[in-house]
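Everything below concerns the one structure shown next.
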Amino acid sequence: MVAKGVLEEDEPIELLDGLLIVREPEGGRHAVIVGRVRQVLERAFGQGFYVREDKPFALDATSEPEPDVVVVRGPDSKYIDQHPSKQLLIVEVAESSLVRDRTFKARLYARAGVAEYWIVNLVDGVLEVYRQPSKTPSRRYGWKYGSVKLLKRGASVTPLAAPRAKIRVADLLP
């Protein structure tokens, strides 16, 4: 669409399940927390992983979302010619987007087989940890996460793909 002049290169949109969704404007608080999450995850995962911030990835034929932070395997040079298609961890920092991140995006990521999805919930001051994607025909979009945990500021979390890492939830919140 950019090549045809329909959209500008820097339009704030995401392709989600065949729909063009306008991304909400990013405020200073959101931007700072996204940067903080990226730094914490870079330290936790270490070498051999690439932590991307606000970059698209190939989810499936109808979706190319731009989550706040994504962790993928390998050096950044592996992704020069194509966006990553296998994500180890996706993180959204949510305030005004909280409902969409909990519902639409969670189901989309579960459908794509993303093993772990976090929402840094700025509204309630918690980290929401989604794991165990599973097919659920009764749910809209047919997928959900079987495990959802809400972690408060004093808790810690260990990413599935970095079993030796221990991240303090307080380090991810404002």
Checklist line | Residues of region 74-98 classified as in contact with a strand residue (DSSP E or B) (Cβ under 8 Å, 6 or more places away or on another chain) and free of Cβ contacts under 8 Å to residues at least 60 places away in the same chain, total | finding: 14
Notebook entry, point to check: Do you know which residues across region 147-160 are outside any loop (DSSP other than H, G, I, E, B) and either at pLDDT below 95 or more than 20 Å from Gln87 (Cβ to Cβ) (or both)?
Noted result: Leu150, Leu151, Ser156
Check: Within region 30-55, how many residues are in a helix (DSSP H, G or I) and under 23 Å from Ser156 (Cβ atoms)?
Finding: 14
Notebook entry, point to check: Out of curiosity, is Ala58 in a helix (DSSP H, G or I), touching a residue at least 24 places away in the same chain (Cβ under 8 Å) and over 10 Å from the mean Cα position of the chain (by Cα)?
Noted result: no
Next item on the list: Mind checking which strands (runs of 3 or more DSSP E) fall wholly inside region 86-136 and carry at least 2 residues that are out of contact with any Leu (no Cβ under 8 Å at 6 or more places or on another chain) and polar (S, T, N, Q)?
Entry: 126-135
Next item on the list: Can you confirm whether region 126-148 contains a residue that is touching a residue at least 24 places away in the same chain (Cβ under 8 Å), aliphatic (A, V, I, L, M) and within 21 Å of Val51 (Cα to Cα)?
Entry: yes
Item checked: Scan of region 137-146 for residues that are surrounded by fewer than 18 Cβ atoms within 10 Å (Cβ to Cβ), hydroxyl-bearing (Ser, Thr, Tyr) and either at positive phi or assigned to a strand (DSSP E or B) (or both), ordered by number -> Tyr141
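The values are calculated or read from the model by the stated rules, or taken from the named source; none is laboratory data. Just so you know, these numbers come straight off a predicted model, no measurement behind them. Positions of Cβ are generated from backbone atoms using ideal geometry, with glycine treated the same way; all protein chains shown enter the neighbour counts.
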